[in-house]
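The values are calculated or read from the model by the stated rules, or taken from the named source; none is laboratory data. Treat the numbers as computed from the prediction; the structure is a model and nothing was measured. Ideal geometry is used to build each Cβ from the backbone, glycine not excepted, and the neighbour counts take in all protein chains shown. When the accessible area is computed, the model is the full protein with side chains, heavy atoms only, and any ligands, DNA or RNA have been set aside. Shrake-Rupley method; radii C 1.70, N 1.55, O 1.52, S 1.80 Å.
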Amino acid sequence: MLATGTGARSKVVGGGVTLKGHLRGRPSSESGHVGLKTSATRRVKDRDPYFLGQAIKEAQRAIRSGELPYGAVVVDPDGVIVARAHDTVVADRDLTSHAEILAVRRAAEANGPDLSGHTLYATCEPCSMCFSAAWTARLSRLVFGITMRELKAGYPESMDEIVIDSFALNKLGSRQLEIVGGVLRDDCLALWS
């Protein structure tokens with residue numbers, strides 16, 4: 001599933017929602033992948049469904065723990081999962097204990113605060129707080145299953161968020177993440193049924 005171009009919502013490619021608004025297809029130095037080995041980056045991209053499947057496993061853990069089904073993993077440029085997390089808002093009694101925040105925090109603890117070349121995989125498009133954490137940590141890629149708008153439309157009671165999509169947030173930064181949406185979309189949506 002590829003996201004290309006520079007606009008809002010686009011077409012479906014390979015069964016996934018194709019969204020526009022990032023620097024896909026540009027040379028690595030322009031897309032925030034400075035210093036990355038192209039073959040390593042390509043190997044990780046080819047495995048997007050596998051890594052998102054790992055985020056789905058985290059979301060399933062969240063369900064078993066009485067949390068909302070959000071899951072995330074962070075993968076380094078060589079394709080190694082360096083952090084896993086699921087929502088722990090209820091258990092922690094902390095509204096910032098989102099899966100993406102926890103995964104980025106754990107990845108930074110393991111690999112340092114500059115996560116250039118790393119990819120965040122999340123079952124749902126990150127909220128603005130989680131996107132900001134990923135951006136601040138300098139992650140290069142964001143891959144998710146369902147958009148916040150899709151979740152809110154299908155399960156309005158499940159989401160009390162300010163819905164600003166990642167592509168809009170991405171345009172506001174001085175550098176952009178590569179963003180891919182719609183990977184394992186149906187599997188991610190099924191977590192909510």
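Per 0.36 nm of contour for each residue apart, how much would the distance between Asp92 and Ser65 grow if the chain were fully extended, relative to their Cα-Cα spacing?
8.6 nm
From the backbone phi of region 87-102, what are the Karplus-calculated ³J(HN,Hα) couplings (6.51 cos²θ - 1.76 cosθ + 1.60, θ = phi - 60°) in whole Hz, Gly and Pro given as x?
For region 87-102, the Karplus-derived couplings read 3, 9, 4, 5, 4, 7, 6, 9, 5, 9, 7, 7, 3, 5, 4, 5 Hz, x marking Gly and Pro.
Could you pull out every residue, at least 5 positions away or on a different chain, whose amide H is within less than 5 Å of the one on Leu142? Hs are placed 1.01 Å off N in the peptide plane, and Pro or chain starts have none.
Leu120, Glu178, Ile179, Val180
Using a Förster distance of 22 Å, how high is the FRET efficiency between Arg138 and Ile81, based on the Cβ-Cβ distance and rounded to 0.05?
0.75
Could you provide, to the nearest whole Å², the per residue accessible area of region 43-83 with probe 1.4 Å?
44 Å²
Taking the Cα centre of region 55-114 as origin and charging only Cβ (+1 Lys, Arg; -1 Asp, Glu), how large is the dipole, in debye to the nearest 20?
Here region 55-114 has a charge dipole of around 280 debye.
What is the sum of charges, Lys and Arg at +1 and Asp and Glu at -1, for the other residues whose Cβ falls under 11 Å from the Cβ of Thr123?
Once all neighbours under 11 Å are counted, the net charge is -3.
Calculate the dipole size of region 72-143 relative to its Cα centre from +1 charges on Lys and Arg beta carbons and -1 charges on Asp and Glu beta carbons; express the result in debye to the nearest 20.
The calculated dipole for region 72-143 is roughly 20 debye.
Ignoring ligands, DNA and RNA, what percent of the 1.4 Å accessible area of region 91-193 is carbon and sulfur?
Its accessible area is 52 percent carbon and sulfur atoms.
Treating only the Cβ atoms of Lys and Arg (+1) and Asp and Glu (-1) as charged, compute the dipole magnitude of region 127-193 about its Cα centre; round to the nearest 20 debye.
I would put it at about 400 debye.
State the extension gain, in nm to one decimal, for the chain segment bounded by Ser174 and Gln54, taking 0.36 nm per residue of separation less the distance between their alpha-carbons.
Once the chain is fully extended between Ser174 and Gln54, it gains 40.2 nm.
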